[in-house]
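This report concerns only the one structure given below.
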């Protein structure tokens with residue numbers, strides 16, 4: 001018997017690293033899209049007609065990222081550290097969905113603080129997802 005690790009011996013196999021990496025990539029893309037949206041809104045404030053379509057697209061990207069996050073958490077279950085980082089990223093992303101409703105009484109439309117909070121949430125999701133991916137790959 002060989003003492004080398006066989007990646008096919010675990011249930012995650014090759015799919016686990018692929019899905020966890022896909023989640024980290026999707027979180028980074030989602031953060032980049034939000035950053036571009038904020039920058040575009042600041043540069044072209046009269047393009048308000050397009051903002052509802054952009055918001056719908058951002059919501060779709062975020063929802064797809066959450067679904068991939070659930071799959072990544074499930075496939076990384078054997079790695080406690082990676083799973084915890086991915087769960088933390090998932091929880092922050094859920095807070096990102098609730099943040100506009102919770103913070104809207106305190107923030108004005110288009111405030112810099114609101115954009116900053118949005119960037120911090122998106123950045124935290126992406127960083128936690130990439131650290132989870134790194135820990136997952138380190139554990140193999």
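On the given criteria, is residue 88 more than 18 Å from residue 38 (Cα to Cα), at pLDDT 95 or above and assigned to a helix (DSSP H, G or I)?
It is true that residue 88 is more than 18 Å from residue 38 (Cα to Cα), at pLDDT 95 or above and assigned to a helix (DSSP H, G or I).
Exactly one condition in (1) in contact with a helix residue (DSSP H, G or I) (Cβ under 7 Å, 6 or more places away or on another chain); (2) surrounded by 15 or more Cβ atoms within 10 Å (Cβ to Cβ); (3) assigned to a helix (DSSP H, G or I) is false for residue 127; which is it?
Unmet for residue 127, out of (1) in contact with a helix residue (DSSP H, G or I) (Cβ under 7 Å, 6 or more places away or on another chain); (2) surrounded by 15 or more Cβ atoms within 10 Å (Cβ to Cβ); (3) assigned to a helix (DSSP H, G or I): (1).
Here is a yes/no grid of residues against (1) surrounded by 15 or more Cβ atoms within 10 Å (Cβ to Cβ); (2) in contact (Cβ under 8 Å) with a residue 60 or more places away in the chain; (3) within 27 Å of residue 139 (Cα to Cα):
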position: 55; (1), (2), (3): no, no, no
position: 62; (1), (2), (3): yes, no, no
position: 72; (1), (2), (3): yes, yes, yes
position: 78; (1), (2), (3): no, yes, yes
position: 83; (1), (2), (3): yes, no, yes
position: 87; (1), (2), (3): yes, no, yes
position: 90; (1), (2), (3): yes, no, yes
position: 99; (1), (2), (3): yes, no, no
position: 112; (1), (2), (3): no, no, no
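Looking at this structure, is residue 107 closer than 26 Å to residue 39 by Cα, touching a helix residue (DSSP H, G or I) at 6+ places or on another chain (Cβ under 8 Å) and assigned to a loop (DSSP other than H, G, I, E, B)?
For residue 107, the condition - closer than 26 Å to residue 39 by Cα, touching a helix residue (DSSP H, G or I) at 6+ places or on another chain (Cβ under 8 Å) and assigned to a loop (DSSP other than H, G, I, E, B) - is met.
Which one of these does residue 67 not meet: (1) touching a residue at least 12 places away in the same chain (Cβ under 8 Å); (2) surrounded by fewer than 15 Cβ atoms within 10 Å (Cβ to Cβ)?
(1)
The values are calculated or read from the model by the stated rules, or taken from the named source; none is laboratory data. Keep in mind that this is a model prediction, so the values were computed, not measured. Neighbour counts are summed over all protein chains in view; Cβ atoms, including those assigned to glycine, are modelled from backbone coordinates with ideal geometry.
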